[in-house]
Amino acid sequence: MTEARQTINGITWSTTSAATRWTTDTGWRLDYTAIDDIDGWYLTGPGVDQRWMSIQFVESARQASHLIAGAA
């Protein structure tokens, strides 16, 4: 897959695997995986290690934008 990009709440996410991983240019990543038998999107980035977000990517990206903005 070629790279795809989308901006949600001011954060630009890019991917080459839309179903499983989105990243930002500032070191944040949303991965779709199962941890402790809970499927969903998990946010990893500066000071955040696998925080569960949501089953839906867009909702997760919206939630993540608040954490990313607060970390800047």
> How large, in percent, is the carbon and sulfur part of the accessible surface of the chain at a probe radius of 1.4 Å?
Replying inline: 48
> Can you give the charge dipole size of the chain about its Cα centre, rounded to the nearest 20 debye, using +1 on the beta carbon of Lys and Arg and -1 on the beta carbon of Asp and Glu?
Replying inline: 260
>> For the chain, what does the convex hull of the Cα positions come to per residue, in cubic angstrom?
In response: 74
> How large is ³J(HN,Hα) for each residue in the range 2-14, as worked out from phi by the Karplus curve 6.51 cos²θ - 1.76 cosθ + 1.60 (θ = phi - 60°), to whole Hz, x for Gly and Pro?
Replying inline: 6, 5, 10, 9, 8, 10, 10, 6, x, 9, 8, 10, 10
> With each run of n ≥ 4 DSSP H residues scored as -39500 (n - 2.57), what mean residue ellipticity at 222 nm is computed for the chain after dividing by its residue count and rounding to the nearest 500 deg cm²/dmol?
Replying inline: -7000 deg cm²/dmol
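Hey, could you get me the Stokes-Einstein D for the range 14-56, Kirkwood radius over alpha-carbon pairs, 25 °C and 0.890 mPa s, rounded to whole µm² s⁻¹?
Values: Rh = 10.5 Å.
Value of D from the Cα-based Kirkwood radius: 235 µm²/s.
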>> Please report the accessible area of ARG29 (heavy atoms, 1.4 Å probe, ligands and nucleic acids excluded) in Å², nearest 10.
In response: 80
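The values are calculated or read from the model by the stated rules, or taken from the named source; none is laboratory data. Since the structure is predicted, the reported quantities are computational estimates derived from the model, not experimental observations. Positions of Cβ are generated from backbone atoms using ideal geometry, with glycine treated the same way; all protein chains shown enter the neighbour counts. What goes into the accessible areas is simple: the full protein's heavy atoms, side chains included, and nothing from ligands, DNA or RNA. Shrake-Rupley method; radii C 1.70, N 1.55, O 1.52, S 1.80 Å.
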